[in-house]
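The values are calculated or read from the model by the stated rules, or taken from the named source; none is laboratory data. Fair warning: this is a prediction, and the values are worked out from it, not measured in the lab. Neighbour counts are summed over all protein chains in view; Cβ atoms, including those assigned to glycine, are modelled from backbone coordinates with ideal geometry. All accessible areas refer to the heavy atoms of the entire protein, side chains included, with ligands and DNA or RNA removed. Shrake-Rupley method; radii C 1.70, N 1.55, O 1.52, S 1.80 Å.
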Amino acid sequence: MPGRRSLLAAAALAPLAARAAPVLQVGPGRAVKSLAAAARQARDGMVVEVDAGDYVADAATWPQHELTLRAVGGRVRLIAAGINAQGKGLFVTTGRRQRIEGFDFIGAAVPDRNGAGIRLEAGSLTLVDCSFRDNENGLLTANDEAIELDIVDCDFGPILPRDGRTHNLYVGAIRRLAVTGSWFHHGLHGHLLKSRAALNHILYNRLSDEIGGRASYELEFPNGGVAVVMGNLIMQSSTTENPHVISFGVEGATWPRQALYLVHNTLVDQLPSGGIWLRVTPRQAEVMLANNLLVGAPRLAAEGHWMRRANFSADWDEFVRAARDDWRLKPGSELRGRAQDMGVAEGLRLSPSREYRHPRGSLALAGPARHPGAFQS
């Protein structure tokens, strides 16, 4: 009975297929004590478990595929202390389907002043619960249309004081970027989030330069592409170096499809003289602005072909307690319940299913989104 033998063979092999990935343990009390040593020993498909603590002057290059780096027992803090990998940053990653969880990247600086906590040079990477602080750039990618980057519940914090255009997150011309539940803040000269990716999903984040921050744009897509920006709190500080909050396509529309969907965001401007919410350069770009709340004095420079639905200017006192970062609409606000259904675009329903939770993360909504802005609860 060949069919029965095939089934028996498959059943025998099933436990092997389900076998856990090999684990490499790293830490001061382990046989492998440094991340640099772990990077030399790791193989494709491994899980590298790193004991919590400070790893000083410990940079590494990771070429492995299907690799997971996971902090165990608390945070893993990588402190540059003048050391870098390949003259680029604390970590250089080139493998497909890599994942990093629970790491803090601190103090990356290199001779050309373009150092990053992580340099993603090839492959694909998922970051979960990571933070970037006092680096010249938080994370920087190469220009490679095969690269994909997913960022979940991360913190891209203060930029190291340097000359030049430093960015909290700078994504090159890659295939896809997805960012959810993350906080971008305290920029310096450069942008909080800059992406040249062909496809961008920027969902349920906080992009806020905060007091003393000197970022240029809060959000920039210099080559356009397709961008779905939904459910975000986006705030321009009073000390910004650029009056524009969001920019799209200002350096040329290099991707064949050009579309921006700016929906269900709470946009706040603290610039005393007032700024400009949105700058779109490519004339052929499809632009949808819907269900946004606009707080502050900027003007919305809107072209005639843009689709605009249910966008509302809101006073500070429309919110529960804006001064304490509670951007929910008050129970009695006349703006509640005025969101409109905008359907589906780029494979996403243009109605939030989650909302940002400070300082990083997101929560599922209990029901459908009914209010304009990023917060529904």
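Ranked by the mean number of other Cβ atoms within 10 Å of their residues, highest first, the peptides 186-195, 278-287, 86-95 fall in the order 186-195, 86-95, 278-287. For residue 187, nonlocal amide neighbours, meaning residues 5 or more places apart or on other chains whose placed amide H falls under 5 Å from its own, are 214, 215. Shown is the FRET efficiency for residue 96 and residue 346, computed with R0 = 30 Å from the Cβ-Cβ distance and rounded to the nearest 0.05: 0.80. Taking Cα atoms only, the orientation of helix 2-17 departs from the longest principal axis of the chain by about 80 degrees.
Test of understanding: express the Cα radius of gyration of region 77-187 as a ratio to 2.2 N^0.38 Å, with N the residue count.
That works out to 0.95 for region 77-187.
Database remark: amide H of residue 310 closer than 5 angstrom to the amide H of 291 (H placed geometrically; neighbours at sequence offset of 5 or more, or on other chains; Pro and chain starts carry no H).
Determine the share of the chain's accessible area contributed by carbon and sulfur atoms, expressed in whole percent, with a 1.4 angstrom probe.
Carbon plus sulfur share of accessible area: 51 percent.
Applying the Karplus relation 6.51 cos²θ - 1.76 cosθ + 1.60 with θ = phi - 60° to region 82-87 yields 3J(HN,Hα) values of x, 9, 8, 9, 6, x Hz, where x marks Gly and Pro.
Between residue 72 and residue 142, what is 0.36 nm times their sequence separation minus the Cα-Cα distance? Round to one decimal in nm.
22.3 nm
What the chain shows is 42 Å² of accessible area per residue, with the surface traced by a 1.4 Å probe over protein heavy atoms.
Placing unit charges on each Cβ (+1 for Lys and Arg, -1 for Asp and Glu) gives the chain a dipole about its Cα centre, and among 211, 102, 282 the Cα reaching farthest toward its positive end belongs to 102. Averaging over all projection directions, the Cα-based convex hull of region 157-277 occupies 6.7 nm² in the image plane. Volume per residue for region 173-213 equals 52 cubic angstrom (convex hull of Cα atoms).
Using a simple spin-label model with pseudo-atoms 7 Å out from Cα toward Cβ, residue 313 and residue 175 lie 4.5 nm apart.
Directionally averaged projected area (the chain, Cα convex hull): 22.2 nm². Legend: calculated FRET efficiency, residue 150 to residue 30, from the Cβ-Cβ distance at R0 = 22 Å, rounded to 0.05, equals 0.15.
Between residue 43 and residue 241, the modelled label-to-label distance comes to 4.8 nm, taking each label 7 Å out from Cα in the direction of the beta carbon.
Using alpha carbon coordinates only, what is the Rg to Rh ratio of region 227-332, with Rh defined as the Kirkwood radius?
0.98
Taking the Cα centre of the chain as reference, the dipole from Cβ charges on Lys and Arg (+1) and Asp and Glu (-1) amounts to some 960 debye. For region 205-321, with only Lys/Arg (+1) and Asp/Glu (-1) charged at the beta-carbon, what is the dipole magnitude about the Cα centre, in debye rounded to 20? Using only the charged Cβ atoms, the result is roughly 320 debye.
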